[in-house]
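Structure below; questions to follow.
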Amino acid sequence: MQDLIKEIQEEHLNTTVPDFKGGDTVTVHYRIREGNKERVQPFQGVVLQVKGSGNTKTFTVRKISDGIGVERVFPLFSPNIEKIIVNKRGAVRRARIFYLRGLQGKKSRIKEKRV
């Protein structure tokens with residue numbers, strides 16, 4: 001039974017998702033519905049963590065908006081995500097970089113990984 005469920009889930013996964021991890025700066029183009037209108041809103045920030053597996057995989061993105069930290073959790077395979085663009089690769093040693101929440105200003109910068 002479990003194998004059948006996994007098989008069906010893998011068929012419906014969106015495979016056009018780029019490869020990214022914690023520390024990378026990404027822009028998520030998310031489809032927002034307001035009443036009967038629909039628009040695409042970009043959300044650019046640093047990936048704090050990638051969590052889960054398969055259909056239930058999620059990732060958390062943090063950005064600073066008017067001096068206030070804003071975090072948003074996106075389901076990776078959501079039909080509302082139009083596209084994900086990886087802007088920068090971050091050179092970090094951890095998979096989950098929650099220490100970023102306690103840093104301000106220039107200390108919260110992440111070095112870019114040289115490719």
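The values are calculated or read from the model by the stated rules, or taken from the named source; none is laboratory data. It should be emphasised that the depicted structure is a prediction, and the values quoted were computed from it without experimental measurement. Note: ideal-geometry Cβ built from the backbone for every residue, glycine included; neighbour counts use all protein chains shown. Quick note on the areas: whole protein, heavy atoms, side chains included, nothing else; ligands and nucleic acids left out. Shrake-Rupley method; radii C 1.70, N 1.55, O 1.52, S 1.80 Å.
Pro79 is checked against (1) out of contact with any helix residue (DSSP H, G or I) (no Cβ under 9 Å at 6 or more places or on another chain); (2) part of a strand (DSSP E or B) and fails just one. What number does that condition carry?
Only one criterion is unmet by Pro79, namely (2).
If you check every pair at least six apart or on different chains, which have Cβ atoms under 9 Å apart with a residue in the range 89-115 that is at negative phi and in contact (Cβ under 8 Å) with a residue 40 or more places away in the chain first and a residue that is hydroxyl-bearing (Ser, Thr, Tyr) and outside any helix (DSSP H, G or I) second?
Hits for this filter: Arg89/Thr25; Gly90/Thr25; Arg96/Thr60; Ile110/Thr25.
Hey, could you check the range 56-74 for residues that are part of a strand (DSSP E or B) and open to solvent by 60 Å² or more (accessible area, probe 1.4 Å) and say which is farthest from Glu10 (Cα to Cα)?
Of everything passing the filter in the range 56-74, Ile68 is farthest from Glu10 (Cα to Cα).
Sort out which residues of the range 1-42 are assigned to a loop (DSSP other than H, G, I, E, B), open to solvent by less than 60 Å² (accessible area, probe 1.4 Å) and not aliphatic (A, V, I, L, M), and write them in order of number.
Within the range 1-42, Pro18, Phe20, Gly22, Gly23, Asp24 meet the criteria.
Quick check on my filter: what residues within the range 84-115 are open to solvent by 60 Å² or more (accessible area, probe 1.4 Å), of a type in the set (Val, Ile, Thr) and not in a loop (DSSP other than H, G, I, E, B)?
Listed by number, the list holds a single entry, Ile85.
Determine, yes or no, whether Phe59 is under 30 Å from Leu4 (Cβ atoms) and at pLDDT 95 or above.
Yes; evaluated as a whole, the condition is true for this residue.
Looking at this structure, is Arg62 free of Cβ contacts under 8 Å to residues at least 40 places away in the same chain, over 26 Å from Arg101 (Cα atoms) and among the basic types (Lys, Arg)?
So Arg62 does not fit the description; no.
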